[in-house]
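Engineer: Take a look at this one; I'll ask things after.
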Amino acid sequence: MARVIVVGAGLGGVSVAFELREKLPKQAQITVVGEGAEFNFVPSNPWVALGTRKRDDVVMPIGDFFSKRNIEFSPAGVKEIHAAENRLTLNDGSQHDYDYLVLCTGPKLDFAAVEGAGPEAGGSQSICTVDHAVTSHQDFLKLCEAPGPVVIGALPGASCFGPAYEYVLTLEYELRKRKIRDQVPITFVTPEPYIGHMGLGGVGDSKGLMEHKFREHGIKWICNAKVTKLAEGHCHFDEMNEQGEVAKQHQLDYVHSMFLPPFKGSPAVAAVPELCNPKGFVITDKHQRSPKYPNIFAAGVCVAIPPIEATPVPVGAPKTGLMIESMTTAIVSNIEVHEAGGTDFVEPTLSALCLADMGNTGAAFLAVPQNPPRNRNWTGSGRWVHWAKVAFEKYFMYKIRRGTSEPVYERVSLRFMGVERLKSKK
Ligand SMILES: Cc1cc2nc3c(=O)[nH]c(=O)nc-3n(C[C@H](O)[C@H](O)[C@H](O)COP(=O)(O)OP(=O)(O)OC[C@H]3O[C@@H](n4cnc5c(N)ncnc54)[C@H](O)[C@@H]3O)c2cc1C
């Protein structure tokens, strides 16, 4: 009976593992290899950084929930993938054979791309992991004690912009609540060609909506920005013109900064010959399968998706929850088809839903499909976005506790918008 190993116990890995358990025969052997014993609901990390959530609210030990569902789990992490031999070596030295490998290894954070960037170098805070968010919260508390200028944004080559918008607008709300907003000039510095581009070429009137929010909340912004150095309270960056030439050089002082980094692929995955693009993201066909190794599938941030358009400063395309769920469902279906010896493989819809909380309100963007031209281009805003984000968090944690494959992102909002996860069989 089939042996399936899922690598990565994040949003994608958990979803695919429970769905495999539901859909494959009982005898199928399903194993998840994570890096550590905890699951982190990454979309809630900005709230940890601002103190509206504690670390324990967004993290849970995951092993017991897998074993209840007859899914084996190792927290050892994958050291090496011997793709030609269908075998893995874990960091504890153990070897595991597989018939199918599902990679859900998320991003490796490439702070090294910019001098001084990231919490280790010390030039900027991060919300990408829960531990980064905990450290960032300490820095936020210092800001509250000694207010001063703040710089928030994304580094060149970043692909995940929603959390930067969410962080800057929620931070602004928290400062107003504490009545110290008047002592904190805020600047948003981004490689995007315009506010609301989000690596998606904009969604509906996301430009108008986000510019309006920034104006309404007194947040300045600079686009086409190529940050070159973050150190000792100074953010150095070049503002590029449309030809990609330096139009102006800037230096902004800050007492608190948070930047989303560019992403790369997980080193163990990137090292497999002919599996990945030069950045280490897994190349897949339209069925989420590696063209080189047909028994290797990939879902989530680790998948190679080309940028939507050329921009003066490079920006990548985001991979968000709704898209990831559609990838994991397609993979499970395609493994079932493969096991049955069929050829009716399915494709994920690859739509994008971004919800950006702003403290007491929020903005939502729906792009179906993600790449233009689109069948649906929709933006909305209101207090309901904040509550929808809370619902995603609670629902996803509940899904893990119950060990089910429920498509959280689709259920919470898209049911009412009629978006399907899978394209018809091909
Ligand atoms: C701060 C932030 C906020 C976001 N907010 C939203 C949001 O509100 N809505 C939305 O739709 N999307 C959001 N996203 C985008 C996306 O949904 C998340 O990044 C999501 O967590 C991606 O899921 P994933 O499974 O691809 O990666 P992850 O959830 O990051 O999981 C990958 C896992 O693989 C593990 N791993 C890596 N290498 C190995 C290895 N060699 N062996 C074993 N395990 C390994 C990692 O440790 C990690 O646990 C956000 C992203 C960020 C960074």
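The values are calculated or read from the model by the stated rules, or taken from the named source; none is laboratory data. In this text, all values refer to a predicted model and were calculated from it rather than measured experimentally. Virtual Cβ from ideal backbone geometry, glycine too; neighbours counted across all protein chains shown. We work out accessible area using only protein heavy atoms, side chains counted, and drop any ligands, DNA or RNA first. Shrake-Rupley method; radii C 1.70, N 1.55, O 1.52, S 1.80 Å.
Engineer: Considering every residue within the range 9-28, establish whether at least one is hydroxyl-bearing (Ser, Thr, Tyr) and over 20 Å from Arg401 (Cβ atoms).
Structural biologist: No, the range 9-28 contains no residue that is hydroxyl-bearing (Ser, Thr, Tyr) and over 20 Å from Arg401 (Cβ atoms).
Engineer: What are the pairs with Cβ atoms under 7 angstrom where one residue, in the range 346-368, is more than 13 Å from Leu200 (Cα to Cα) and the other, located anywhere, is open to solvent by less than 20 Å² (accessible area, probe 1.4 Å) and aromatic (Phe, Trp, Tyr)? Sequence gap at least six, or different chains.
Structural biologist: Partner pairs satisfying both residue conditions: Ala356/Tyr165.
Engineer: Within the range 302-316, can you find the residues that are in contact with a Lys or Arg (Cβ under 8 Å, 6 or more places away or on another chain), open to solvent by less than 30 Å² (accessible area, probe 1.4 Å) and within 13 Å of the ligand (Cβ to nearest atom)? Write out each step before concluding.
Structural biologist: Of the residues in the range 302-316, the ones in contact with a Lys or Arg (Cβ under 8 Å, 6 or more places away or on another chain) are 303-305, 313.
Filter once more, keeping what is open to solvent by less than 30 Å² (accessible area, probe 1.4 Å): 303-304, 313.
Correct list: Val303, Ala304.
Engineer: Quick check on this structure: which one of Val272, Val282, Val246, Val255 is under 18 Å from Asn86 (Cα atoms), more than 19 Å from the chain's Cα centre (by Cα) and not polar (S, T, N, Q)?
Structural biologist: Val272
Engineer: Sticking with this structure for a sec: So Val151 fits all but one of (1) more than 16 Å from the ligand (Cβ to nearest atom); (2) open to solvent by less than 30 Å² (accessible area, probe 1.4 Å); (3) touching a helix residue (DSSP H, G or I) at 6+ places or on another chain (Cβ under 8 Å); what number is the exception?
Structural biologist: Single failed check for Val151: (3).
Engineer: What number of residues within the range 130-148 are among the polar types (S, T, N, Q), surrounded by fewer than 21 Cβ atoms within 10 Å (Cβ to Cβ) and either within 16 Å of the ligand (Cβ to nearest atom) or outside any helix (DSSP H, G or I) (or both)?
Structural biologist: Looking only at that region, the number is 1.
One line per residue, one yes/no per condition, for (1) within 16 Å of the ligand (Cβ to nearest atom); (2) surrounded by 16 or more Cβ atoms within 10 Å (Cβ to Cβ); (3) polar (S, T, N, Q):
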{"position": "Asn334", "(1), (2), (3)": "no, yes, yes"}
{"position": "Thr349", "(1), (2), (3)": "yes, yes, yes"}
{"position": "Arg376", "(1), (2), (3)": "no, no, no"}
{"position": "His386", "(1), (2), (3)": "yes, yes, no"}
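Engineer: Among what's in the range 19-37 and is buried (at least 16 other Cβ atoms within 10 Å of the Cβ) and among the charged types (D, E, K, R), pick the residue that is nearest to Ser74 (Cα to Cα).
Structural biologist: Going through the qualifying residues, I end up with Glu35.
Engineer: List the number of the failed condition for Gly380; all other conditions in (1) touching a Leu at 6+ places or on another chain (Cβ under 7 Å); (2) outside any loop (DSSP other than H, G, I, E, B); (3) away from the ligand (no atom under 14 Å from the Cβ) hold.
Structural biologist: Status for Gly380: all satisfied but (1).
Engineer: Consider Tyr167 carefully, then state whether it is in a loop (DSSP other than H, G, I, E, B), aromatic (Phe, Trp, Tyr) and touching a residue at least 12 places away in the same chain (Cβ under 8 Å). Quick ask: steps written out before the conclusion?
Structural biologist: On the way: in a loop (DSSP other than H, G, I, E, B): no; aromatic (Phe, Trp, Tyr): yes; touching a residue at least 12 places away in the same chain (Cβ under 8 Å): yes.
So Tyr167 does not fit the description; no.
Engineer: Taking the criterion of being open to solvent by 20 Å² or more (accessible area, probe 1.4 Å) and either touching a strand residue (DSSP E or B) at 6+ places or on another chain (Cβ under 7 Å) or among the small types (Gly, Ala, Ser) (or both), would at least one residue in the range 164-184 satisfy it?
Structural biologist: no
Engineer: Taking the conditions exactly as written (touching a helix residue (DSSP H, G or I) at 6+ places or on another chain (Cβ under 9 Å), more than 16 Å from the ligand (Cβ to nearest atom) and not hydroxyl-bearing (Ser, Thr, Tyr)), does His256 satisfy them or not?
Structural biologist: So His256 passes the test.
Engineer: May I ask you to list the residues in the range 79-109 that are open to solvent by 30 Å² or more (accessible area, probe 1.4 Å), part of a loop (DSSP other than H, G, I, E, B) and either closer than 27 Å to Lys26 by Cβ or touching a Leu at 6+ places or on another chain (Cβ under 9 Å) (or both)?
Structural biologist: Answer for the range 79-109, where residues must be open to solvent by 30 Å² or more (accessible area, probe 1.4 Å), part of a loop (DSSP other than H, G, I, E, B) and either closer than 27 Å to Lys26 by Cβ or touching a Leu at 6+ places or on another chain (Cβ under 9 Å) (or both): Asn86, Ser94, Asp99.
Engineer: Right, something else. From the list Lys286, Lys279, Lys319, exactly one residue is in a loop (DSSP other than H, G, I, E, B), open to solvent by 10 Å² or more (accessible area, probe 1.4 Å), more than 11 Å from the ligand (Cβ to nearest atom) and in contact (Cβ under 8 Å) with a residue 60 or more places away in the chain. Which is it?
Structural biologist: Going through Lys286, Lys279, Lys319 in turn, the sole match is Lys286.
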